[in-house]
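Inspection log for the structure reproduced underneath, given as structure tokens.
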Amino acid sequence: MTSPHDKPAAVADTLTGGPRRGRPRNRVGRGVPLPLLLPALLGLAFLVLPLVALLVRTPWGTLSDQLTSPEVWQALRLSLVCATAATAVSLVLGVPLAWLLARVEFPGRGLVRALVTLPLVLPPVVGGVALLMALGRNGVVGKWLDAWFGITLPFTTAGVVVAEAFVAMPFLVISVEGTLRAADPRYEEAATTLGASRFTAFRRVTLPLIAPGVAAGAVLAWARALGEFGATITFAGNFPGRTQTMPLAVYLALQSDPEAAIALSLVLLAVSIAVLAGLRDRWTTAS
């Protein structure tokens, strides 16, 4: 039974949605230990200072001329086309793979998940070498593609798409698998009970439920593909107009024209900020 002294608190809880829960938050300067505050500020400066320096050293006076050159537009167009194609490949292959890992129990599922996420921690150059060993003209699979179908992937635009999809797909798989695990499987079970096949239940019921997770994973995969360097230059080379994407153009311009490299880097920085802004509700909102 509530005492008269408890009524004001109860009314306040009712108006504010209940008593506050969660961890108490410290205000800066009130209860923040100095041995934690100083490294935190140094870490923040370490992450922000290079980006500020890039903006400070940007040749704003000649930026428009740098960005309107044919070489920049060629690299930008190729980057956008290849990143979008790599994202499409990741969606077609990655969403079913994520559903398999989240919904189906089978022996070795943990090993399969580890192999799927391996490109996240694998050095990109090693990934490019692995792609060459698998899909090169003398590779394990590539020699059959060349002999039977006349398909050669290394040092082609299609090779750029393959390299970008290899490093970007795990981001989509992880995002979609997490969304599937959070979704209630009883909706699928109800659909199958009513006579729908598992594929129909996935297409009509599950896919609309996980659409936000699929979209977030696709954006992350697209951004990762757009910024890929190591696997691309190893597997596809650096040929202007055919395999030279924006990161490769930045690397090449840095050796001969640093101002052009800064301008190209600014474009990629703007794309990264746009991706972060698009995912702000998923990644930057405090719980």
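What to note about this one:
- First in the stretch 181-203 and over 21 Å from Val214 (Cα atoms), second anywhere and surrounded by 13 or more Cβ atoms within 10 Å (Cβ to Cβ) and acidic (Asp, Glu), Cβ under 9 Å, 6 or more apart: Ala196/Glu188
- Annotation note: Cβ proximity below 8 Å between a residue of the stretch 53-75 that is touching a residue at least 60 places away in the same chain (Cβ under 8 Å) and a residue that is in a loop (DSSP other than H, G, I, E, B) (sequence gap 6+ or interchain) occurs for Gln66/Pro59; Glu71/Pro240; Gln74/Pro240; Gln74/Gly241; Gln74/Gln244; Ala75/Pro240; Ala75/Gln244; Ala75/Thr245.
- From the list Leu44, Leu97, the one residue that fits, being surrounded by 11 or more Cβ atoms within 10 Å (Cβ to Cβ) and farther than 20 Å from Tyr251 by Cα, is Leu97.
- Qualifying residue in the stretch 58-65 (condition: more than 30 Å from Ile233 (Cβ to Cβ) and part of a helix (DSSP H, G or I)): yes
- Test: residue in the stretch 5-23 that is at pLDDT 85 or above, closer than 30 Å to Ala215 by Cβ and either in contact with an Asp or Glu (Cβ under 8 Å, 6 or more places away or on another chain) or open to solvent by 50 Å² or more (accessible area, probe 1.4 Å) (or both): no
- Qualifying residue in the stretch 120-133 (condition: touching a residue at least 12 places away in the same chain (Cβ under 8 Å), closer than 20 Å to Thr179 by Cα and within 22 Å of the chain's Cα centre (by Cα)): yes
- Of all the criteria given as (1) modelled with pLDDT of 90 or more; (2) surrounded by fewer than 18 Cβ atoms within 10 Å (Cβ to Cβ); (3) assigned to a helix (DSSP H, G or I), the one not satisfied by Asp146 is (1).
- Evaluation of Arg137 against (1) outside any helix (DSSP H, G or I); (2) charged (D, E, K, R); (3) within 30 Å of Phe199 (Cβ to Cβ) (one fails), failing number: (3)
- The selection criterion, being acidic (Asp, Glu), surrounded by fewer than 13 Cβ atoms within 10 Å (Cβ to Cβ) and either part of a helix (DSSP H, G or I) or free of Cβ contacts under 8 Å to residues at least 40 places away in the same chain (or both), holds for Glu105.
- Which listed residue, of Ala114, Ala85, Ala75, is of a type in the set (A, V, I, L, M), in a helix (DSSP H, G or I) and under 19 Å from Ala218 (Cα atoms): Ala85
- The criterion of at least 1 residues that are hydroxyl-bearing (Ser, Thr, Tyr) and open to solvent by 20 Å² or more (accessible area, probe 1.4 Å) is met, among helices (runs of 4 or more DSSP H) falling completely within the stretch 183-267, by 186-193, 198-201, 230-235, 246-256.
- First in the stretch 150-179 and of a type in the set (D, E, K, R), second anywhere and not in a helix (DSSP H, G or I), Cβ under 8 Å, 6 or more apart: Glu164/Glu228
- Any hit, the stretch 255-272, residues being of a type in the set (Val, Ile, Thr) and either at positive phi or at pLDDT below 85 (or both): yes
- Selection status of Phe155, among the aromatic types (Phe, Trp, Tyr), under 30 Å from Met246 (Cβ atoms) and part of a helix (DSSP H, G or I): no
- Scan of the stretch 126-140 for residues that are more than 24 Å from Thr245 (Cβ to Cβ) and of a type in the set (A, V, I, L, M), ordered by number: Val140
- Members of the stretch 79-94 found to be open to solvent by less than 20 Å² (accessible area, probe 1.4 Å), out of contact with any Phe, Trp or Tyr (no Cβ under 7 Å at 6 or more places or on another chain) and of a type in the set (A, V, I, L, M, F, W, C), listed by number: Cys82, Ala86
The values are calculated or read from the model by the stated rules, or taken from the named source; none is laboratory data. What you are looking at is a predicted structure, and each value in this text was computed from that prediction instead of being measured. Cβ coordinates were reconstructed from backbone atoms using ideal geometry, including for glycine residues, and neighbour counts include every protein chain displayed. When the accessible area is computed, the model is the full protein with side chains, heavy atoms only, and any ligands, DNA or RNA have been set aside. Shrake-Rupley method; radii C 1.70, N 1.55, O 1.52, S 1.80 Å.
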